[in-house]
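Novice: Structure provided below as structure tokens; questions to follow.
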Amino acid sequence: MDLVVRAARAVTGQGAEGPATIGVDGGRIVAVEPGLADLPGDTVLELGEDEVLLPGLVDTHVHVNDPGRAEWEGFETATRAAAAGGVTTIVDMPLNSLPPTVDAAALEVKRKAAGGRVHVDVGFWGGAIPGNTGDLRELHDAGVFGFKCFLLHSGVDEFPPLDAAGLEGALRELATFDALMIVHAEDSHAIESAPDPHGEKYRDFLGSRPRGAENLAITHVIEAARRTGARAHVLHLSSSDALPLIASARAEGLPLSVETCPHYLSFTAEEIRDGATQFKCCPPIREAANRELLWQGLADGVIDTIVSDHSPCTPELKRFDTGDFGLAWGGISSLQLGLPAIWTQARQRGFSLADVVRWMAERPAAQVGMTRKGHLAVGYDADFCVFAPDEAFVVDVAKLKHRNPVSAYDQRPLAGVVRSTWLRGSRVTGDEPRGALLTRGNC
Ligand SMILES: [Zn+2]
């Protein structure tokens, strides 16, 4: 075997954390022995007692913004940050890059931009916008993992939202080839009639993106999924009010999944200072009681996955000069920090690293149909995160690998340090890009 990893602590699946020895050959896991076994390997990696071997995390919600807005992030910086955070697979969102990934030609442009530049594995989402229903099949065949749509203005004019009829039409089309629709679920009419977001008061911004707008849009998604038979996924759930709606739809057997993000599980509206636009995201970070209900949703299994929604921008676009929440770009930069951010909160609530692996590796991989990612098991890619869960650090945004030094987590103390990250059996150093571009059904 090329590599043998001997770990006193490893999360090998099914809720277990224990000693394990992992054998790797040709980039795949070929042996998983319980306990510390003497497997022969060209290289033997002995982990410390303070380290836990995890499968590399799978983050299905990343805005790389390249090509077109690479000054916001870019493939090299995004994938170096991912690796530094223990993430070995990302799936890139179809918008904020130019052109948006709304047809096969645009996907080709993006794949060309990414080729030879990525330090972790990268897959791509397609986009569903008004007028491109006829392009969805070709994009699906070209290997995207599913399609994203908005139900209100996306923040960029070149990626317009679907109205109710547009959503239904796109879902009907996707149902014919069993593709997944992922939805930014806030209702445009509800947001339009909500109070104005402008000014530096976080309370006013929160009031401009009410829970009701999310709840209503999620109801529309559920009804449209029921009528069309398409698989649908609710992105970045913030409103805990929607949990019973989602649970009810699933109890009925609808193919509906839902994600939330580290920022909704970490921060509270009460603690966000006025003018602190690094916390602006849509839907917004809500009250402390809402945060606890989202954690309960994870415990209950209503929420499937935790993914970053890494949506960075340049410092100028956060408008720290005015602190105006209405003008600032909405998006939180966190790709490198998801694991320690979640572990910090999860451990306080009695969850285990096996829970975190389920939310951040196993289920995201399964949700997009990856059969070789997200588990420490024979036949899977040898993607590893070596994690020291009891080591603490304070986030220094200037030291992160993200392109721009802006993050809501700056100066936060977090628990858990990623000591090393391994992609298909080789340590990711950030020097030579060895990541692959993934296509659906082939990873
Ligand atoms: Zn997003």
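Novice: For region 87-106, how many residues are more than 15 Å from the ligand (Cβ to nearest atom) and either under 25 Å from Gly338 (Cα atoms) or surrounded by 23 or more Cβ atoms within 10 Å (Cβ to Cβ) (or both)? Can you show your working first?
Specialist: If we filter region 87-106 for residues that are more than 15 Å from the ligand (Cβ to nearest atom), which is where we start, we get 87-89, 98-99, 102-106.
Filter once more, so that each one left must be either under 25 Å from Gly338 (Cα atoms) or surrounded by 23 or more Cβ atoms within 10 Å (Cβ to Cβ) (or both): 87-89, 102.
Going through region 87-106 one residue at a time, the tally reaches 4.
Novice: Report, by residue number, each residue of region 300-310 that is in contact with a Gly (Cβ under 9 Å, 6 or more places away or on another chain) and either hydrophobic (A, V, I, L, M, F, W, C) or open to solvent by 10 Å² or more (accessible area, probe 1.4 Å) (or both).
Specialist: To start, the set of residues in region 300-310 that are in contact with a Gly (Cβ under 9 Å, 6 or more places away or on another chain) comprises 303, 306-310.
Result: Ile303, Ile306, Val307, Asp309.
Novice: State whether one or more residues within region 67-83 are closer than 23 Å to Gln367 by Cβ, aromatic (Phe, Trp, Tyr) and touching a Phe, Trp or Tyr at 6+ places or on another chain (Cβ under 9 Å).
Specialist: no
Novice: Go through Asp196, Asp178 for me and flag whichever is at pLDDT below 95 and surrounded by fewer than 16 Cβ atoms within 10 Å (Cβ to Cβ). Before the answer, list the steps.
Specialist: Working: Asp178 fails: at pLDDT below 95.
It is Asp196.
Novice: Every residue in region 223-254 that is within 22 Å of Phe177 (Cα to Cα), open to solvent by 10 Å² or more (accessible area, probe 1.4 Å) and among the aliphatic types (A, V, I, L, M), please.
Specialist: Leu254
Novice: Looking only at region 96-108, how many residues end up being of a type in the set (A, V, I, L, M, F, W, C) and either over 19 Å from Arg440 (Cβ atoms) or touching a Leu at 6+ places or on another chain (Cβ under 7 Å) (or both)? If you could, list the steps in order and put the result at the bottom.
Specialist: Residues of region 96-108 of a type in the set (A, V, I, L, M, F, W, C): 98, 102, 104-107.
Filter once more, keeping what is either over 19 Å from Arg440 (Cβ atoms) or touching a Leu at 6+ places or on another chain (Cβ under 7 Å) (or both): 98, 104, 107.
Residues meeting the conditions: 3.
Novice: Here is a follow-up. Can you go through Asp66, Asp59 and tell me which one is acidic (Asp, Glu), part of a loop (DSSP other than H, G, I, E, B), within 16 Å of the ligand (Cβ to nearest atom) and within 24 Å of Phe150 (Cα to Cα)?
Specialist: Values: Asp59 fails: part of a loop (DSSP other than H, G, I, E, B).
Answer to the selection: Asp66.
Novice: Ala392 is checked against (1) open to solvent by 50 Å² or more (accessible area, probe 1.4 Å); (2) touching a Pro at 6+ places or on another chain (Cβ under 8 Å); (3) in contact (Cβ under 8 Å) with a residue 40 or more places away in the chain and fails just one. What number does that condition carry?
Specialist: (3)
Novice: Note down all Cβ pairs under 8 Å where the first residue falls in region 180-198 and is in contact (Cβ under 8 Å) with a residue 24 or more places away in the chain and of a type in the set (D, E, K, R), the second is assigned to a loop (DSSP other than H, G, I, E, B) and surrounded by 15 or more Cβ atoms within 10 Å (Cβ to Cβ), and they're at least six residues apart or on different chains.
Specialist: Glu186/Leu151; Glu186/Leu152; Glu186/Arg209; Glu186/Cys282; Glu186/Pro283; Asp187/Leu151; Asp187/Leu152; Asp196/Gly326
Novice: Could you look through region 280-294, keep only residues that are under 17 Å from the mean Cα position of the chain (by Cα) and more than 14 Å from the ligand (Cβ to nearest atom), and pick out the one that is surrounded by the most Cβ atoms within 10 Å (Cβ to Cβ)?
Specialist: The qualifying residue surrounded by the most Cβ atoms within 10 Å (Cβ to Cβ) is Ile285.
The values are calculated or read from the model by the stated rules, or taken from the named source; none is laboratory data. From a predicted model like this one, the values you see are computed outputs, not experimental measurements. Using ideal geometry, Cβ is built from the backbone for each residue, glycine included, and neighbour counts are taken over all protein chains shown. For the accessible areas, the whole protein counts, side chains as well, though only heavy atoms, and no ligand, DNA or RNA atoms are used. Shrake-Rupley method; radii C 1.70, N 1.55, O 1.52, S 1.80 Å.
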